[in-house]
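Read-outs: derived from the displayed coordinates by stated rules, not from any lab. Keep in mind it's a predicted model, so treat the numbers as computed, not measured. All Cβ positions, glycine included, derive from the backbone under ideal geometry; neighbour counts span all protein chains shown.
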Amino acid sequence: MSSIAPASQHGHASEKAYQWIKQKILANRWPDGAALKESDLSNEIGVSRTPVRDALRRLTLEGLVETIPNQGSRLKRWDSQDLEEIFGLRVVMESYGARLAATRVTEKELAELYALCDSMESLVATGVESAEAKQQLTRLNERFHVAIMQAAHSHRLVALTGQVISFPLVYRTFETYDPAEIVRSMAHHRELVDAFTARDPVWAESVMRAHLSAGHQSTRRALKKTR
């Protein structure tokens, strides 16, 4: 029994460090390329350096962090080529996922997707000018896209899209949107679920393509402003 508790505690600390660092990345706490020092992070999070190291390793696998031997870890830098590649992959995989979901989604999954639409629309109606509100909208958006992939009922597709959807510029999408673009995105979400309800794979696929293409243009514009 004595060997189980420390392992459990270590796992909890690693998860705590992972969630803390990831949320800071998504909130733009550090600029692209910023050094992520284990000692500084462990002091700020309140855990030892080992869980921080585990968290950085995990974030490196997700593509959010770069770890260079003998140099440490830093926040991943992204350029226009990364953006084009990632959104190109998203359009292919998520549009296919939407097509599958239209014929495989369950009634329970439809209810969840409509509930997420309601939550996002309610948040937008109250205003998303603050950084906190945009982060909340981003988290709901992430849940929505993940739920669609799960509704496709394809384990391979879920595994393949996992890392792509974790792309930080995708997470930060709503920070680049103007009010009209946010409203359009919400309309796309609602139409996607309507297409699933109608069991129409062609409709669902076309809406997802339009939705992701609109997000691509907004993020491309924002990336140009930072270069």
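Give the aspartates and glutamates whose C-alpha is closer than 12 Å to that of Lys22, dropping any in the same chain fewer than 8 places away, or say none. Output for Lys22: Glu62. Using a cut-off of 23 Å between Cα atoms, the listed pairs Lys108/Lys134; Lys24/Lys108; Lys24/Lys76; Lys16/Lys76 include Lys108/Lys134; Lys24/Lys108 as exceeding that distance.
Count neighbours as other Cβ atoms within 10 Å of each site's Cβ, and list the trypsin sites (Lys or Arg not before Pro) in region 97-132 that are DSSP loop with at most 13 such neighbours.
On the way: sites: Arg99, Arg104, Lys108; in loops: none.
Taking region 97-132 and a limit of 13 other Cβ atoms within 10 Å, no loop trypsin sites (Lys or Arg not before Pro) are found.
Note on region 1-140: dipole from Cβ charges, positive end direction compared against Val52, Val128, Ala111; the farthest Cα belongs to Val52.
Dipole magnitude for the chain: about 580 debye, using +1 per Lys or Arg Cβ and -1 per Asp or Glu Cβ, origin at the Cα centre.
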